[in-house]
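Working notes, beginning with the structure itself.
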Amino acid sequence: MFKIFGNIIILLSCTSIGLLMAWKYKVRVRQLKEIRGIFQLIETEIFYTATPILEVLEKVARQASSPIASIFKEIIGEIKRREGKTLGRIWCKAFERGRENTGLTKEDLVPINYFGNILGTSDQESQIKNGKLVQSQLIKLEEGAEKDFIRNEKLFKNLGVLLGLTIVIILY
């Protein structure tokens, strides 16, 4: 009886690990889409309605989902401290620290950090052009993340189940 119960626990645990690994790929795709939407909002608010950056970031922090919102809240907090750091530096550090709680990779942070570095550093026209460039880079990253998700989702789900079965067979 205990042996069967133990085998079921092992099988469920390994399956859960496989599902968790597959879920990370799905989260990355969703978060890249969310960040792209946030950047479009920032671009619209700053460049077309001339809203101050702090107000825009507060709006973004209210609208974004949990791990992304906390990154923007950290940026807002750092800006309000007024320690003489540039927005780009604050932006990069916040996303680097917040990346641990998201599905984003270091590769994803390159255009994200670039966007943070260009905010408020040049004329409006140049910033809009650079914003469009970042948007196109994020679209490419989304497409790559989507392909990774499709390719690896079944792999990790099946791998979890098969690993669990293998352990159960070895222990049985």
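The values are calculated or read from the model by the stated rules, or taken from the named source; none is laboratory data. What you see is a predicted model, and the numbers here were worked out from it, not measured in a lab. For neighbour counting, all protein chains shown are included, and Cβ atoms are generated from backbone atoms with ideal geometry for every residue, glycine included.
Numbers at a glance
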| item | result |
| --- | --- |
| Scope region 31-51; condition surrounded by 14 or more Cβ atoms within 10 Å (Cβ to Cβ) and in contact (Cβ under 8 Å) with a residue 40 or more places away in the chain; matching residues | Gln31, Leu32, Lys33, Ile35, Arg36, Phe39, Ile42, Glu43, Ile46, Phe47 |
| Yes/no for Val161 being out of contact with any Gly (no Cβ under 9 Å at 6 or more places or on another chain), at pLDDT 90 or above and either β-branched (Val, Ile, Thr) or not in a helix (DSSP H, G or I) (or both) | no |
| Every residue from region 90-131 that is among the hydroxyl-bearing types (Ser, Thr, Tyr) and touching a Pro at 6+ places or on another chain (Cβ under 9 Å) | Thr102 |
| Conditions (1) among the small types (Gly, Ala, Ser); (2) at pLDDT 90 or above; (3) over 18 Å from Ile38 (Cα atoms): number failed by Ser70 | (3) |
| Residues that are loosely packed, with under 14 Cβ neighbours inside 10 Å and among the hydrophobic types (A, V, I, L, M, F, W, C), drawn from region 140-172 | Ile150, Leu155, Leu162, Ile169, Ile170, Leu171 |
| Which listed residue, of Leu11, Leu54, Leu104, Leu20, is more than 30 Å from Ile170 (Cβ to Cβ), part of a helix (DSSP H, G or I) and either without any contact (Cβ under 8 Å) to a residue 24 or more places away in the chain or not small (Gly, Ala, Ser) (or both) | Leu54 |
